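Report on one structure; see the data block that follows.
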Amino acid sequence: MGTRRGRYLALAALALVGSCTKVPITGRPQYNLIPDSVMSSLGKSSYADALAGQEIARKTEDAALLHQVGTQISQVANRPDYAWKTTLIESEEVNAWCLPGGYIGFYTGILPVLRHEAGMAFVLGHEVGHAIARHGAERLTQQLTLFGGLAGLTLLLDEESTLDKGQRSAVVAAVGLGAELGVLLPFSRTHESEADVIGLMYMARAGYPPAESIPLWDRMSRAAGGSRVPVFLSTHPSDEKRQDHLREWMPQATKRYERHQRSYDTTAPRW
């Protein structure tokens, strides 16, 4: 028993070393206990679960474009150790996500809202931003009690954890496929705003006009059809706040775009 306890403490100490880091681009201090290898493993298994039973768009022009733009965004994200897989899902749902390790899901229902390639680049940049900023690991760090505290951390570090249905649901929520009210609510708003900034910079560095991120949120509002969740109960900032935040970072993004601008019109209507 003493040996096991000592092992727990040793592994926890190792996890604490380097657990305080800074998020790329924004520089926000971040506290994470979960190693990238564990999060990537969880992302891979959650990806398989999320795609199970879904109708996948294969060998279509839209799927090819998604792969193309996803490759461009992942290149500027500069994480060659991530899987960077993109899947276009046939669904009316207006949504997209990226799990730890670079596993991306995109729904066809969001395409008309994006309107063009540049719109796709921003949303891809935003979702990739969640993975690069390790938001899933940050949220899961807060939920370690669901895995038995220190003992659960040890299992995660050893990549030996077997999750029951409730625990898997918690992981899926933490890595980005769900949302919870309560203590995680303010963090989620921070994560969304942060992913907007990272996405803005990534689209600019990939050669897409960052200014297109502003009207995209107007289209998102119209797509919501006026049925809006009050901001104080939402895990996402209001569209107006997102636009204001993007405008604050726009001068930096514009400079990056001017150095990498593509030779063709990425705002030509497509959907």
Can you name every residue in the stretch 50-79 that is among the basic types (Lys, Arg) and farther than 17 Å from ARG205 by Cα?
ARG58, LYS59
What is the number of the single condition among (1) more than 21 Å from the chain's Cα centre (by Cα); (2) modelled with pLDDT under 85 that THR60 does not meet?
(2)
Condition (residue is modelled with pLDDT under 90, of a type in the set (Val, Ile, Thr) and over 19 Å from VAL123 (Cβ atoms)) applied to the stretch 91-99: is it met by at least one residue?
no
Only one of these conditions is not met by GLN143: (1) crowded, with 20+ Cβ neighbours inside 10 Å; (2) modelled with pLDDT under 95. Which number is it?
(1)
Residues of the stretch 87-96 being under 17 Å from SER46 (Cα atoms) and either among the aliphatic types (A, V, I, L, M) or crowded, with 22+ Cβ neighbours inside 10 Å (or both), which ones?
LEU88, ILE89, ALA96
Subset of the stretch 16-44 (residues that are at pLDDT below 85, buried (at least 18 other Cβ atoms within 10 Å of the Cβ) and part of a helix (DSSP H, G or I)):
VAL38, LEU42
Looking at PRO100 and the list (1) closer than 26 Å to ALA268 by Cα; (2) crowded, with 20+ Cβ neighbours inside 10 Å, which single condition is not satisfied?
(1)
Give the stretch 162-199 a look and list any residue that's modelled with pLDDT of 75 or more, in contact with a Gly (Cβ under 8 Å, 6 or more places away or on another chain) and not small (Gly, Ala, Ser), or say none.
GLU194, ASP196, VAL197, ILE198
Look at TYR202 and say whether it is in contact with a Gly (Cβ under 7 Å, 6 or more places away or on another chain), within 27 Å of LYS22 (Cα to Cα) and at pLDDT 95 or above.
yes
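The values are calculated or read from the model by the stated rules, or taken from the named source; none is laboratory data. Note that this is a predicted model, so its numbers are computed, not measured. Backbone-built Cβ (ideal geometry, glycine too); neighbour counts: all protein chains shown.
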